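Every read-out reported here was derived from the displayed coordinates using simple, explicitly stated rules and does not represent laboratory data. What you are looking at is a predicted structure, and each value in this text was computed from that prediction instead of being measured. Cβ coordinates were reconstructed from backbone atoms using ideal geometry, including for glycine residues, and neighbour counts include every protein chain displayed.
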Amino acid sequence: MPSSDPKKPLLKRQIGTNSIQAKLDSAGRITIPEEMAAAADIKNQAVLVGMIDKFEIWSPERHKAMEVMDSVLLQEALQMME
């Protein structure tokens, strides 16, 4: 998103407001805070998705739904790279 877009500060505020610093436990694991896990519908299992410079954590059900949406948009996104 270009810096000139007036919506950019709004998005940065929302992302920053809802972000946390995650710490590793003594075994090197990341613990997802309960309120974040509940908001993401993560219960017993999670899907970790690499995003080149970050990663996302999804509930398996929401990840499957996102994969369906991604497959629809993939061809358009690939054409933008040409």
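What are the ³J(HN,Hα) couplings of segment 6-16, residue after residue, when phi is run through the Karplus curve with 6.51, -1.76, 1.60 and θ = phi - 60°? Round to Hz, x for glycine and proline.
Whole-Hz 3J(HN,Hα) from phi for segment 6-16: x, 7, 4, x, 4, 5, 4, 5, 5, 5, x.
From the backbone phi of segment 25-38, what are the Karplus-calculated ³J(HN,Hα) couplings (6.51 cos²θ - 1.76 cosθ + 1.60, θ = phi - 60°) in whole Hz, Gly and Pro given as x?
So the J values, rounded to whole Hz, are 7, 5, 9, x, 9, 8, 9, 7, x, 3, 5, 6, 4, 5.
What distance in nm separates the two pseudo spin-label positions at SER4 and ASP70, each 7 Å out from Cα along the beta-carbon direction?
For the pair SER4/ASP70, the computed spacing is 3.3 nm.
What is the Cα radius of gyration of the chain over 2.2 N^0.38 Å, N being its residue count?
Cα-based Rg divided by the globular estimate yields 1.36.
Between MET80, ALA65, ALA27, whose Cα lies farthest towards the positive end of the dipole of the chain when Lys and Arg beta carbons carry +1 and Asp and Glu beta carbons carry -1, centred on the Cα centre?
Looking along the dipole axis, the top candidate is ALA27.
Among the trypsin sites (Lys or Arg not before Pro) within the chain, which fall in a DSSP loop and have no more than 15 other Cβ atoms within 10 Å of their own Cβ?
Taking the chain and a limit of 15 other Cβ atoms within 10 Å, the loop trypsin sites (Lys or Arg not before Pro) found are LYS7, LYS23, ARG29, LYS43, LYS54.
Give me the dipole magnitude in Debye, nearest 20, for segment 8-81 about the Cα centre, with unit charges on the beta carbon: positive for Lys and Arg, negative for Asp and Glu.
280 debye
Would you calculate, for the chain, the mean residue ellipticity at 222 nm contributed by helices, counting each DSSP H stretch of 4 or more residues as -39,500 (n - 2.57) and dividing by all residues, to the nearest 500?
After summing the helix terms and dividing by the residues of the chain, the value is -14500 deg cm²/dmol.
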